[in-house]
Amino acid sequence: MNTIYIDILITVNVFIDFMLIVCVKSFLNISVSLKRMILGSVAGGILSLSALLPRLPFLLNIFMDLFCAIIIVLICFGYDSIKALIKRTGVYFLVSFIFCGIMIFIYTAFKPSGMQIYNDKVYFNISPLVLIILTVVCYYIIMLIKRLTKGETGGGVYNVEVKIKSKSITFCGKVDTGCNLKEPFSGEYVIVAEKTLLESFEPDKNTLRAIPFNSLGGDGIIYGFKPDKVIVGSRDIGRSVYIGICNNVLKGDVKALIPFEIIRQ
């Protein structure tokens, strides 16, 4: 085996793991901060040092890969439930498998100098430009596979951008035909979002409206506010919608519900 430089090994795998995390985020439509994605990719880069261990038996190698994947997933997406953890780790494994398959094909077909695969870890001693091009190509191949396998939800999940004064936050919301929640006085529809998505927002308490509901797993009241601007997908909703804040009500990876009528308008 040729010489491996630790700094290059870590840097390359930080870059690759960031791409893998972006793919997992896209596959599962998970809202996650850039900070956590960077922390997860850095952890992946550090864990890539396992490539320097003696060659492991197949089963032990799988166990090591599983352990590393769980650590990265927990850092990036946190822990909601064992079911969510298994799903996210499985998708991370799938994306990693596709990426490694593409890299092995390139390695066996073209024998690029400076490229090695050891203990399932990819090592490139090549120019940053070539690395970026290879990784971007892999990303779009994975996204194409997602589309062909109907990994997207048929338009059922949209990016929601909410703006208040100089602040802006974006999260994923799922269109729900059963969500017809309206602010009782104005009659305007309400996008329901988990409090964790809106931690950086502190709306004026005097502007909060009590909004009764009976479709979010029970009956009760949530509090909502009217932002300065809302964009759902590419549609500018303006100010004709409220954002309702719930706390640990929506389960799963998507933490916001969009009334179908908003998309149909």
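The values are calculated or read from the model by the stated rules, or taken from the named source; none is laboratory data. Because the structure is a prediction, the values reported are computed rather than measured. All Cβ positions, glycine included, derive from the backbone under ideal geometry; neighbour counts span all protein chains shown.
Structural remarks
- The residues listed here are Val91, Val32, Val12; of these, the one that is at pLDDT 80 or above and among the β-branched types (Val, Ile, Thr) is Val91.
Residue-by-condition table, conditions (1) in contact with a Lys or Arg (Cβ under 8 Å, 6 or more places away or on another chain); (2) assigned to a helix (DSSP H, G or I); (3) not aliphatic (A, V, I, L, M):
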| residue | (1), (2), (3) |
| --- | --- |
| Met19 | no, yes, no |
| Ile30 | yes, no, no |
| Arg36 | no, yes, yes |
| Gly40 | no, yes, yes |
| Gly45 | no, yes, yes |
